[in-house]
Every structure is written in C-alpha cells, then in structure tokens.
1. Of 150, 160, how do they rank once you tally other Cβ atoms within 10 Å and put the fewest first?
2. Compute the FRET efficiency between residue 6 and residue 98 as 1/(1 + (r/R0)^6), taking r as their Cβ-Cβ distance and R0 = 22 Å, and round to the nearest 0.05.
3. Can you tell me the order of 212-223, 45-56, 391-402 when each peptide is scored by its average per-residue count of other Cβ atoms within 10 angstrom, highest first?
4. Restricting to the chain, what percent of DSSP beta bridges are antiparallel, rounded to 5?
5. For the chain, what is the mean residue ellipticity at 222 nm derived from helices alone (per DSSP H run of n ≥ 4: -39500 (n - 2.57); sum divided by total residues; nearest 500 deg cm²/dmol)?
6. For the chain, what relative contact order do you get, as a whole percent, if you take Cα pairs closer than 8 Å and at least 6 residues apart?
7. Using a 10 Å cut-off around each Cβ, can you sort 92, 389 from fewest to most neighbouring Cβ atoms?
8. Please compute the contact order of region 80-193 in relative form: average sequence separation of alpha-carbon pairs under 8 Å and at least six residues apart, divided by the residue count, as a percent.
Ligand SMILES: *Cc1c(COP(=O)(O)O)cnc(C)c1O
C-alpha cells in the first residue's frame with residue numbers, strides 16, 4: 001500500500017485540469033477582488049464529510065471551492081496592510097518545490113545551494129560584507145526574533161544559552177513607529193516588551209538626540225542597553241530612519257544595530273529618489289526583510305541577514321549526534337541552515353526568490369518597486385488635489401495615508417474613513433486598510449502590488465470620493 005495515485009493516468013489528467021484552472025484564475029486576477037466566502041462554501045471546508053475521495057475529486061474541489069476564495073491581494077486595487085501580489089514564476093517554483101519536497105534544514109543537495117545563492121545575492125544587494133550569514137524564514141516577525149537573539153548573545157555572552165540570562169536587564173530602542181514584531185520578539189526572548197523603548201520620531205526617522213538620551217537614562221538606572229532597531233519603512237507611514245546616524249550611535253554606545261526592512265528595504269532596488277532611503281543600511285549588524293511583500297513572491301518568505309556569521313552560528317548551532325555532519329555523502333554540505341535559526345526542518349522558500357530573479361531579474365523587479373512608489377505619489381497628488389480629502393502625512397515611499405473629508409471633526413472623519421474602507425472592500429472596488437494617526441483613523445494604501453496601474457489609482461480615489469459623497 002502506498003499513498004501514490006492508484007491510476008497515474010487519471011491523476012495526470014486531473015492535475016492538468018487543475019493547472020489550467022490555476023492559470024485561468026491567474027490570468028483573470030483583475031476580475032477577482034476579495035469577496036466574503038459564502039457560508040455554504042465555509043461549511044463545506046469542515047472535515048466531517050467527503051473524506052477519502054481520491055485525487056480527481058480533490059482536484060475538482062480545489063478548483064471550485066478553494067481557489068476563488070483568497071485574500072484578494074492578487075487584485076490590482078488591493079492596497080491594504082502590506083501584501084505582496086504573487087508572481088507567475090511563483091506558480092512554477094511552487095509546483096517544483098512541492099514535487100521535490102526538499103528539506104532545507106541542511107545536508108548536501110541542490111535546494112540548499114539555491115538558498116545559499118539567494119542569501120548571497122541579497123547580501124550583495126544590501127552591501128553586507130562577504131561571509132555574512134543569512135537564513136530564509138517565514139517572515140520578518142521570525143527574522144526579528146533570530147536577529148535579536150544574536151544581539152542578546154553578544155550582550156550576555158554564549159553562556160546565556162545554557163544558563164539563561166539571570167537578572168540581566170536588557171533594553172532596546174526603536175522609533176515609536178516600529179512594527180509590533182520588535183516588541184513581540186523581546187517578549188518571546190524573555191526580555192520583556194516594555195524594555196523596548198519607543199523613541200520619538202521626526203519626519204527623518206528616529207530623533208537621534210532623544211535616542212542618545214534614552215540610552216543614557218537607562219544606563220544610569222542600571223539597565224544594559226543592547227540593541228537599536230531601525231526601520232526601513234514603518235508600517236504606518238512608510239518612514240525611514242537615518243541609518244548612518246543610527247550606525248554611528250550604535251558604534252559609539254556599543255549596541256547591536258538591527259534594521260526592520262520588512263518591505264522598505266527593497267527600495268534598495270528602486271530608482272532615485274527612493275533608492276537613497278536605505279543609504280547606510282549596509283552598516284547594520286542584522287537586517288530582517290520579506291520577499292513576500294515587496295518582492296512579490298508567494299507567501300511565506302522572509303529572510304534575516306547577520307553581519308557576523310560567527311555570532312549568528314554561536315546563537316543557534318546545535319547538533320545532537322543523529323544530525324552530525326559528515327565529510328562526504330548526503331550528510332555533508334556544511335554549513336547547515338538549521339544552525340542559523342529556530343527551525344530544523346525547513347521548506348524551500350528560497351526557490352521562489354531564485355525563480356523570480358531568474359525570470360524577471362533585479363532590474364524589472366526594481367522597476368516595479370519604483371513604479372509602486374510613483375503610484376503612491378500619484379495617489380498623494382490626487383488626494384491633495386481633491387477639495388475635501390487631505391493627506392495625513394506626506395507620501396515618502398509607497399504608503400499614502402489620508403482622510404476622505406477633512407471638513408469633519410476627527411470623530412466624524414474616523415467613522416467615515418472606516419466605513420469607506422469597509423464599503424469598498426465589500427463592493428470589490430478597492431481594498432484600503434485603516435490606521436489611526438494621532439486622533440484620526442485614516443485610509444491607508446500600501447502599494448506593493450506590481451499589477452497596480454495609474455488607472456487603478458485614479459479609479460480607487462474616485463471610488464473613495466463617491467463613497468464619501470453618497471453619505
Ligand atoms: C509586515 C511587517 C513586519 C512583520 O513581518 P511578517 O513578514 O508579517 O512576519 C514587520 N515589520 C514591518 C515594517 C512590516 O511591514
């Protein structure tokens with residue numbers, strides 16, 4: 001008995017039909033915005049009926065019941081949160097990855113070589129020195145845990161792996177707009193989320209004088225400052241810190257500099273003026289970023305880079321005897337990726353990135369990133385040109401945060417913007433998300449969508465105006 005298809009010919013026919021259904025859906029992405037899942041379909045997902053029906057019926061159900069009910073981020077007017085679009089190359093690479101079913105925890109095989117190639121490519125894009133290490137992870141959340149674990153190791157020394165951190169009171173620093181992933185990482189590492197100090201920001205990122213003062217105040221109170229977390233693209237407003245200034249201060253104060261570049265790090269591939277937003281990022285001790293947002297590859301796919309391979313390895317390497325490396329055979333191929341992070345068994349995330357780079361190249365991907373910034377600027381100009389809309393913050397990269405009607409008081413604006421976001425999502429016209437800045441909840445567009453064209457931005461802002469005027 002195996003679980004392989006009983007009838008290989010029938011499986012092949014069913015798989016080809018399913019592939020066609022996927023390609024049809026892919027080609028018609030413009031016709032498929034997010035829509036709520038019908039209750040009957042939801043009920044159908046329950047695993048209390050229809051089990052064990054074989055691959056042919058599975059293929060039908062996948063095409064009819066699963067495929068149409070995604071997040072909608074494949075649609076060109078999806079601007080909510082920070083969602084990547086997906087790529088045709090991803091369809092191909094995911095098919096191959098599923099067929100290979102490689103485990104990238106380590107050992108000597110081609111998939112590991114591909115991950116090394118991707119890490120090395122990213123290392124050179126971000127200007128990290130040769131010999132820096134990296135590992136593909138689920139996303140920036142996990143990457144941040146790994147990076148800050150390395151930072152903690154530097155602060156406390158390798159003994160903390162065996163003995164814990166005792167009473168050490170470690171503090172970290174970030175601009176107030178830093179993503180919650182940083183706080184969560186401190187919580188998970190046992191450092192305490194409150195020990196992430198929120199430093200005031202200006203339009204140019206973290207206020208350096210305030211940061212220096214916060215570090216000094218904590219030192220005076222008996223804490224051990226250990227890390228500064230810079231942001232390349234804050235999630236609320238798309239702000240970028242001044243990485244040279246942060247690196248100078250980290251050096252002066254003897255702290256680890258980590259950069260959360262989840263989406264914004266990829267402006268490194270964009271044209272002027274956006275490329276310059278990440279100047280100095282090469283001086284960080286670690287960098288977390290996602291490929292599944294602004295490199296458009298399928299979920300999930302993130303990466304952490306660590307400047308000093310020895311520190312990275314010392315934080316995570318552990319090989320019980322059954323995992324011992326060998327000088328030849330399948331158990332060769334050092335270094336193993338399991339020594340750079342929390343996961344032993346690992347899927348083939350790198351292949352999606354490799355496939356995107358082979359198919360489109362950094363220049364076309366960079367052109368899409370540049371165009372996304374131009375579309376955000378276009379949206380900002382449309383908002384500024386509308387008699388009643390207003391920007392809540394200047395457009396700096398690919399984020400546009402605005403209010404649909406500045407004539408109302410803040411409570412009225414917040415209610416209106418929230419309703420418009422919901423209405424446009426439900427009508428399928430466009431997906432904005434919302435964010436509260438000060439005391440106004442505004443509409444927020446984060447354009448990380450290579451399908452978004454100028455006409456989509458025009459249409460989305462026209463829809464906002466219509467929804468506002470239809471009150
Ligand atoms: C999305 C995001 C994160 C979290 O990354 P995940 O890939 O969702 O885990 C962290 N920081 C910023 C700025 C983000 O946009």
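1. Details: 150 27, 160 16.
Fewest to most other Cβ atoms nearby, the residues stand as 160, 150.
2. Numbers: r = 20 Å, r/R0 = 0.91.
Calculated value: 0.65.
3. Answer by packing, highest mean first, reads 391-402, 212-223, 45-56.
4. On the way: 24 of 42 bridges.
If I count the DSSP bridges inside the chain, around 55 percent turn out antiparallel.
5. Working: 14 runs with 194 residues, N = 471.
Helix-only estimate at 222 nm: -13500 deg cm²/dmol.
6. Working: 869 pairs, mean separation 97.1, N = 471.
For the chain, the relative contact order is 21 percent.
7. Working: 92 15, 389 19.
Taking fewest neighbouring Cβ atoms as first place, the list is 92, 389.
8. Values: 41 pairs, mean separation 21.8, N = 114.
Result for region 80-193 is 19 percent.
Read-outs throughout are calculated quantities, based only on the coordinates presented, and are distinct from any laboratory measurement. Not measured: the values here are computed from a predicted model. Glycine gets a Cβ as well: all are built from the backbone with ideal geometry, and neighbour counts include every protein chain shown.
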